[in-house]
Amino acid sequence: DPLGLDYSRAWWWVGVLGGLAFLRGVIQYAAGMVSLYIGQELLYIIRERILVQVQNLDLAYHTRHGVGELVTRTTRDADKVRDALVNFWRNAFDTALIGIVSIALLSWYSPLLGLVPLICIATGVGLLLPQMDRLVLLDSAVGTAYDAVNQDLAEGVHGVRVIKAFGLEEARISSFGGQVSAFADEARAALVFASQRVPLPQLVIALSQVWVLVYGAHLVGMGRLSIGELLSALLVANSMVLRTEGVGQIMRVVADARSSAARIWALLGAEQNIVAGSSSVPSGPLGLTMERVRVGSPDGGRDVLRDLSFSIAPGEIVALVGATGSGKSLLMSLLPRLTEADDGAVLIGPQGRAQDVRNYHTDELRRRVHVLPQESFLFSDTLEANLRIANPAATDEELVEAMRLAAASEVLAGLPDGLKSRIGDRGATLSGGQRQRVCLARALLSRSSILALDDATSALDAATERTVLQNIRELRQTSDSSALTMLIISSKLSTILMTDRVLLLADGKISAQGTHEELAACNSSYRELMGIG
């Protein structure tokens with residue numbers, strides 16, 4: 001070559017650099033695939049544990065915490081923890097590796113050339129670390145605002161019928177806009193804080209590049225460094241500074257993840273107030289006894305139930321009546337331990353062998369003691385799937401028979417695909433009475449020994465309700481269902497007349513009991529409640 005260049009050596013370096021670039025690409029692709037797999041697996045584990053915990057927590061927890069809060073934990077917070085645990089470690093490892101190699105190369109040219117950048121980087125990172133706690137608090141406020149957004153959205157979707165019925169569309173949109181604005185304000189405050197605090201540490205880190213240029217030029221002037229080595233040092237410093245300046249973003253990710261993780265751990269660490277017992281529920285007929293039961297008010301006020309005592313024999317049908325707010329639904333929730341009594345005992349079992357419900361496995365107890373609430377909740381699935389929740393092994397014939405017992409045969413006949421028909425979100429394609437009858441059919445399929453109806457026939461007309469109760473009475477006459485015990489909350493006289501006995505709940509306890517005729521004859525409170533002259 002006229003210029004005296006050795007191209008064979010140049011091509012050798014080109015090959016080395018090309019090979020390194022290819023190897024880097026392969027490693028990055030593999031790392032990306034592994035990160036994607038680990039991230040999705042981690043997200044699955046977190047969300048599964050949240051769902052399991054949400055299902056296990058008692059109703060008191062759900063009363064205190066709204067749907068929006070639980071949705072935020074499952075979505076936004078879980079994503080942030082996943083991003084931190086996967087992407088943070090990869091970025092932190094890359095940044096640390098590049099920083100160490102860069103400082104080593106600069107120190108190889110000159111110890112002082114590497115020492116000052118090391119001090120600048122350490123100082124910059126040191127300035128960033130104290131901001132972490134403040135970033136965590138800011139992200140916690142953002143998370144709380146996001147909870148409110150989710151809660152408002154959930155209520156707007158689930159309550160769309162009420163909203164439209166009262167013409168509240170504009171008001172709800174305005175309310176949701178206010179929640180979104182509050183969330184945006186909190187997010188903006190966190191962003192402003194980060195933007196104000198990050199530039200100074202980044203400036204300190206960037207000074208290391210200036211030092212390499214100035215001191216490197218000085219070394220070139222002294223003949224201790226060549227122009228090529230200076231250019232190499234500048235490239236190394238540039239790569240180091242660009243990567244290290246990203247530490248601020250890494251810190252932000254970690255702060256967000258700390259805040260989100262704290263909220264998730266608070267949910268996962270919430271104690272279950274209702275702990276399952278170890279005994280099995282005895283087979284056969286089950287009776288019910290409450291002995292001096294007391295349940296306090298959630299706000300610490302007057303007890304809702306106190307000194308509550310009564311007994312129901314196996315196979316008996318008993319009506320529970322009382323004024324609105326007297327605690328009838330709360331009493332029902334004590335039977336399958338959806339709520340725990342503060343004092344006293346709830347006893348369930350065969351005659352003479354009843355045990356405290358705290359002794360039983362909760363899953364088995366709730367299969368044998370079924371409470372059907374007034375709210376008719378159906379999943380957005382087929383009619384068949386909704387019915388089989390109570391009894392997955394039920395045949396189609398048993399499903400049809402359950403619908404007949406619940407006076408819902410015409411509901412089934414009116415569906416285009418029969419049992420395979422989809423019934424929409426929360427049973428939106430059905431009327432209120434139809435939903436109640438489907439839920440009643442589902443309850444009958446559970447083959448429970450104690451069936452409690454919490455005003456579960458309120459949407460039915462008198463004739464349909466009479467048919468349902470008569471069908472249940474006929475069901476109890478069969479050999480396998482003769483021991484079905486029922487406790488019914490109702491304000492309808494037609495329902496009460498079909499029961500064996502009536503319990504009057506007043507002032508937190510059973511103030512009177514007997515047949516309808518006995519109470520109507522001698523109890524003025526009962527006559528007033530039932531509207532009997």
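The values are calculated or read from the model by the stated rules, or taken from the named source; none is laboratory data. Because the structure is a prediction, the values reported are computed rather than measured. Counting neighbours? That spans all protein chains shown, and the Cβs are built from the backbone with ideal geometry, glycine included. Quick note on the areas: whole protein, heavy atoms, side chains included, nothing else; ligands and nucleic acids left out. Shrake-Rupley method; radii C 1.70, N 1.55, O 1.52, S 1.80 Å.
Things worth noting here:
- 1.4 Å probe accessible area per residue over the chain, in Å²: 52
- Across the chain, the relative contact order, built from alpha-carbon pairs under 8 Å that are at least six residues apart, equals 14 percent.
- Ordering of 14-22, 421-429 by burial proxy (mean other Cβ atoms within 10 Å per residue, highest first): 421-429, 14-22
- Candidates per GluC sites (Glu not before Pro) in the range 269-346, loop by DSSP, up to 10 other Cβ within 10 Å: GLU271
- Helix 227-245 axis, angle to the chain major axis (alpha carbon atoms, nearest 10°): 20
- Angle in degrees between helix 89-109 and the longest Cα principal axis of the chain, rounded to the nearest 10: 10
- Relative packing of peptides 168-178, 521-531 - highest average C-beta neighbours within 10 Å first: 521-531, 168-178
- Candidate aspartates and glutamates - alpha carbon under 20 Å from LYS420, same-chain residues fewer than 8 apart omitted: ASP381, GLU384, ASP396, GLU397, GLU398, GLU401, GLU410
- Packing order of peptides 437-448, 386-397, 503-514, highest average first: 437-448, 503-514, 386-397 (average count of other Cβ atoms within 10 Å over each peptide's residues).
- Dipole magnitude for the chain: about 660 debye, using +1 per Lys or Arg Cβ and -1 per Asp or Glu Cβ, origin at the Cα centre.
- Helix 396-405 vs. the chain, principal-axis angle (Cα, 0 to 90°, nearest 10): 50
- For the chain, with all protein chains in place and a probe radius of 1.4 Å, 60% of the accessible heavy-atom surface sits on carbon or sulfur.
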